1. Classify segment 343-425: rounded, prolate or oblate, from the alpha-carbon gyration tensor (a ≥ b ≥ c, eigenvalue square roots; a/c under 1.5 rounded; otherwise prolate if a/b is larger than b/c)?
2. Which shape class, rounded, prolate or oblate, goes with segment 8-81 when its Cα gyration tensor gives a ≥ b ≥ c as root eigenvalues, a/c under 1.5 marks rounded, and past that a/b bigger than b/c marks prolate?
3. Fewest first, what order do 274, 368 take by the number of other Cβ atoms within 10 Å?
4. Would you mind checking the tilt of helix 22-35 against the longest principal axis of the Cα atoms of the chain, expressed as 0 to 90 degrees and rounded to 10?
5. What is the gain in length, in nm to one decimal, between residue 61 and residue 131 on full extension, counting 0.36 nm per residue of separation less the C-alpha to C-alpha distance?
6. Report, in degrees rounded to the nearest 10, the 0 to 90 angle that the Cα long axis of helix 325-338 makes with the longest principal axis of the chain.
7. Angle, helix 236-251 long axis vs. longest principal axis of the chain, Cα atoms, 0 to 90°, nearest 10?
8. Please work out the FRET efficiency for the pair residue 30 and residue 139, using the Cβ-Cβ distance as r and a Förster radius of 30 Å; give the result to the nearest 0.05.
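Every read-out reported here was derived from the displayed coordinates using simple, explicitly stated rules and does not represent laboratory data. Remember, it's a predicted structure, so these values are computed and weren't measured experimentally. We place every Cβ from the backbone using ideal geometry, glycine too, and count neighbours over all the protein chains shown.
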């Protein structure tokens with residue numbers, strides 16, 4: 001049976017405006033009514049739930065005014081279909097409402113940012129906002145994601161509201177910093193705490209901000225990150241579409257060899273996750289050639305998640321999935337030795353891949369040793385993607401479930417904290 005998604009546009013707008021629950025939005029609408037001249041009105045969570053259903057009723061006029069005022073978006077962009085549009089035009093083919101039809105990664109970014117008014121903030125605003133964005137970027141590598149993510153989200157809410165108070169160059173610079181902050185929030189949601197649906201929505205907003213800043217390279221980075229979401233889920237066609245969009249945006253800007261190689265690496269991982277590791281290895285080889293030849297362009301400051309060592313990490317995982325175990329082991333050991341001290345998250349992934357290599361070699365003792373070392377690192381720097389690797393290794397070790405090494409690993413995997421984290425996810 002197909003899963004009913006409901007009015008995702010209104011839900012995304014509600015969450016983006018900072019109302020985590022339907023009751024919170026209902027309270028905000030009730031409080032706002034007297035302030036905009038509507039008098040006392042009681043909006044219930046039940047009403048909001050109806051609006052977020054798969055067949056939302058067209059809101060009456062006063063409710064429309066409230067929704068537009070509180071969510072700062074036109075009613076047409078909140079997932080409602082006017083009654084006069086529910087009947088197909090003569091000769092039209094019957095089908096589902098337009099908002100329920102599949103949309104591409106680019107065209108579905110339909111929730112508008114606040115419209116610029118007269119600039120009331122000083123020209124220094126964008127630089128001040130970007131200073132916090134840069135600090136969050138650096139904190140990402142060491143601060144626990146559950147601690148950092150709320151701060152980044154609040155920062156993006158502030159930036160979104162401030163866009164309405166800026167114009168010209170200041171607005172474009174602010175939008176670029178906002179796009180980066182939203183990208184960081186999306187990365188945390190996808191890689192660190194494994195909430196892919198939330199990450200997808202966040203990246204849509206990030207792409208909007210990048211468009212406001214007219215920054216095609218940042219747009220390319222956002223789209224490439226968005227490709228991971230369907231790619232990891234085996235939806236190859238959707239991932240390929242997003243990668244094509246990312247490459248198109250990259251051609252509009254001076255892209256460095258490192259950036260172009262990263263696009264190859266992203267596509268390689270998506271292909272590998274979709275059971276096409278040979279194509280992944282071809283893309284990795286192309287990326288290595290790009291790094292060798294270079295380009296005259298340098299990478300932007302925010303592009304801090306990729307390097308030749310990270311490319312080798314992609315390669316080792318692809319070799320593992322292709323069944324080239326000896327090559328994968330050699331590549332991954334070299335990566336492990338080359339990782340910088342602040343690469344704790346990446347270290348857990350590499351250790352997990354090395355454990356998977358040993359499990360595939362039917363060497364449970366060595367596999368467990370790498371997995372336990374990864375668990376030690378996860379206790380310092382939590383990373384859901386790294387934990388996923390360990391869980392996959394444990395499944396592969398089931399034939400040796402009664403061995404002391406595997407039982408010791410179970411004790412680590414199913415400790416109180418890791419079990420609670422898994423259940424919360």
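1. Here segment 343-425 falls in the oblate category.
2. rounded
3. Arranged by neighbour count, lowest to highest, 274, 368 become 274, 368.
4. 30 degrees
5. 21.0 nm
6. 70 degrees
7. Computed tilt is about 80 degrees.
8. E(calc), rounded to 0.05, equals 0.20.
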